[in-house]
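The values are calculated or read from the model by the stated rules, or taken from the named source; none is laboratory data. Treat the numbers as computed from the prediction; the structure is a model and nothing was measured. Reconstructed Cβ throughout: ideal geometry from the backbone, glycine too, with neighbour counts over all protein chains shown. Accessible surface is based on the protein model in full, side chains and every heavy atom, while ligands, DNA and RNA are left aside. Shrake-Rupley method; radii C 1.70, N 1.55, O 1.52, S 1.80 Å.
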Amino acid sequence: VQLQASGGGTVQAGDSLRLSCAASGGTFSSYTMGWFRQAPGKEREFVATISWGGARTYYADSVKGRFTISRDNAKNTVYLQMNSLKPEDTAVYYCAAAPRTRAVVPGTLYDYWGQGTLVTVSS
């Protein structure tokens with residue numbers, strides 16, 4: 001499956017952004033989907049994940065209550081709504097896909113990755 005992330009940009013602290021990740025080349029509902037991010041000079045970190053049907057979600061503590069992951073299987077797209085953005089949210093954001101048989105937890109191994117979209121939050 002191929003993943004294409006979009007929606008990044010430069011915003012001010014407190015603003016909102018919605019990232020999208022469009023999937024192609026596979027059966028979208030066969031996959032658990034996740035968002036990760038990598039800030040400059042730091043390792044990639046887990047942000048959020050959602051089960052194949054959307055019933056289960058899991059968030060990193062750093063974004064819980066501010067970010068919402070969702071998916072539209074009819075559109076083969078997963079979203080990340082980011083509210084109350086902070087400068088420390090600045091990073092390249094990646095979407096990823098894992099077979100839906102794997103657990104919906106941060107440590108799940110993801111097989112497919114998108115190219116990333118840059119989010120910059122200024123103070």
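Residues in region 8-36 that are more than 14 Å from ARG71 (Cα to Cα) and crowded, with 16+ Cβ neighbours inside 10 Å: 4 in all.
The residue that is farthest from GLY54 (Cα to Cα), among those in region 77-114 that are within 12 Å of the chain's Cα centre (by Cα) and polar (S, T, N, Q), is GLN81.
A Cβ distance below 6 Å, combined with a sequence gap of six or more or placement on separate chains, defines the contacts here; from region 59-71, residues that are closer than 13 Å to ASP89 by Cβ reach residues that are open to solvent by 20 Å² or more (accessible area, probe 1.4 Å) in the pairs ALA60/PHE46; ARG66/ASN83; ARG66/SER84. For region 106-119, filtering for residues that are within 28 Å of GLY14 (Cα to Cα), surrounded by fewer than 18 Cβ atoms within 10 Å (Cβ to Cβ) and of a type in the set (A, V, I, L, M) leaves 1. Just one of LEU80, LEU109 is modelled with pLDDT of 95 or more, of a type in the set (A, V, I, L, M, F, W, C) and either within 16 Å of SER16 (Cβ to Cβ) or out of contact with any Gly (no Cβ under 9 Å at 6 or more places or on another chain) (or both); which is it? Checking each option against the conditions leaves just LEU80.
Every test in (1) of a type in the set (Gly, Ala, Ser); (2) in a loop (DSSP other than H, G, I, E, B); (3) surrounded by 20 or more Cβ atoms within 10 Å (Cβ to Cβ) is passed by ALA96 save one, and that test is (2).
Restricting region 37-85 to residues that are charged (D, E, K, R) and outside any loop (DSSP other than H, G, I, E, B), which is least open to solvent (accessible area, probe 1.4 Å)?
Per the stated criteria, the residue is ARG37.
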